[in-house]
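Here is the structure we will look at, set down as structure tokens.
The values are calculated or read from the model by the stated rules, or taken from the named source; none is laboratory data. Here the structure is a predicted model, which is why all the values come from computation and not from measurement. Here the Cβ is made from the backbone with ideal geometry for all residues, glycine too, and neighbour counts use every protein chain on show. Protein only, heavy atoms only, side chains kept; ligands, DNA and RNA dropped before computing areas. Shrake-Rupley method; radii C 1.70, N 1.55, O 1.52, S 1.80 Å.
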Amino acid sequence: MPRQALIIVDVQNDFCPGGSLPVPDGDQVVPVINRIQPLFELVIATQDWHPANHVSFAANHPGRNVGDVIEVDGLPQILWPVHCVQDSPGAAFHPDLDTSRIVHIVRKGTDPRVDSYSGFFDNARRRDTGLAKLLRELGVSEVTICGLATDYCVKFTALDAKELGFDTTVIVDACRGVDLRPEDVSEAIRLMQSRGIKIAQSTALLGGS
Ligand code: VGL
Ligand code: ZN
């Protein structure tokens, strides 16, 4: 039997309504994720976990604004509001997320100099979080991904998982996106599909029950 893991991406207060980088309806993923968790042998979560001096914060670039794109070490970097600062309430999991089944938490974006949308590598692919090694050690061959945001951290985590050889499914109704541009979420879904990532609804997993 292939072992299946659920990866819950960045279901944190700052990405929910009332947070500093709210994803529209971000909190609505919580009940869906709680319903599907028991279907998985293994549940892993990621947290965006930035130091206050993080390069992705517009506030750390005088004269720049949220939404500006700058270049950092040859990579485009979108500037965001200050969010998910290590140990702050905004970085905590949404209070209604069932965390009792989570066996491992990947904290990413900890290097002040580089952003990290994927749960596997930073955006420059300089640092590996150890998630792939952990999954392989646990005998996981199939991963299912849910959380926030569809067009950033979910997308890049799914693309890396697939490229690393994991059979990868994204549960779209257990995800919400930023849609900085109105087509971002639909483009992200198309791109993931084109790379062989399966796109599914939670109801298909849960069956009729
Ligand atoms: C995310 C923007 C900045 C995400 C993280 O979790 O999708 N998006 N940092
Ligand atoms: Zn971030």
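Quick notes on this structure:
- Scanning the stretch 20-34 for residues that are of a type in the set (Gly, Ala, Ser) and open to solvent by less than 10 Å² (accessible area, probe 1.4 Å) returns a single hit, GLY26.
- Failed condition for ALA124, given (1) away from ligand 2 (no atom under 15 Å from the Cβ); (2) more than 25 Å from GLY19 (Cα to Cα); (3) of a type in the set (Gly, Ala, Ser): (1)
- Within the stretch 179-199, residues that are within 20 Å of SER141 (Cβ to Cβ) have Cβ atoms under 6 Å from residues that are among the polar types (S, T, N, Q) and modelled with pLDDT of 95 or more in these pairs: ILE197/THR168; LYS198/THR169; ILE199/GLN193, counting only partners at least 6 apart in sequence or on another chain.
- Of everything listed in (1) more than 15 Å from ligand 2 (Cβ to nearest atom); (2) open to solvent by 40 Å² or more (accessible area, probe 1.4 Å); (3) under 14 Å from the mean Cα position of the chain (by Cα), the single unmet condition for ASN13 is (1).
- Note on the stretch 160-187: among residues that are under 22 Å from THR129 (Cβ atoms) and assigned to a helix (DSSP H, G or I), the one that is most open to solvent (accessible area, probe 1.4 Å) is GLU163.
- Checking each residue in the stretch 61-99 for being aliphatic (A, V, I, L, M) and without any contact (Cβ under 8 Å) to a residue 12 or more places away in the chain picks out VAL69, ILE70.
- Top-ranked residue in the stretch 130-140 [being touching a residue at least 60 places away in the same chain (Cβ under 8 Å) and part of a loop (DSSP other than H, G, I, E, B); ranked as least open to solvent (accessible area, probe 1.4 Å)]: GLY139
- When residues of the stretch 75-103 are limited to those that are over 11 Å from HIS54 (Cβ atoms) and polar (S, T, N, Q), the one surrounded by the fewest Cβ atoms within 10 Å (Cβ to Cβ): SER100
- Contact map, the stretch 37-53: residues that are under 27 Å from THR203 (Cβ atoms) paired with residues that are away from ligand 2 (no atom under 15 Å from the Cβ) and assigned to a helix (DSSP H, G or I), Cβ distance under 7 Å, separation 6+ or inter-chain. Pairs shown: LEU39/LEU205; VAL43/GLN37.
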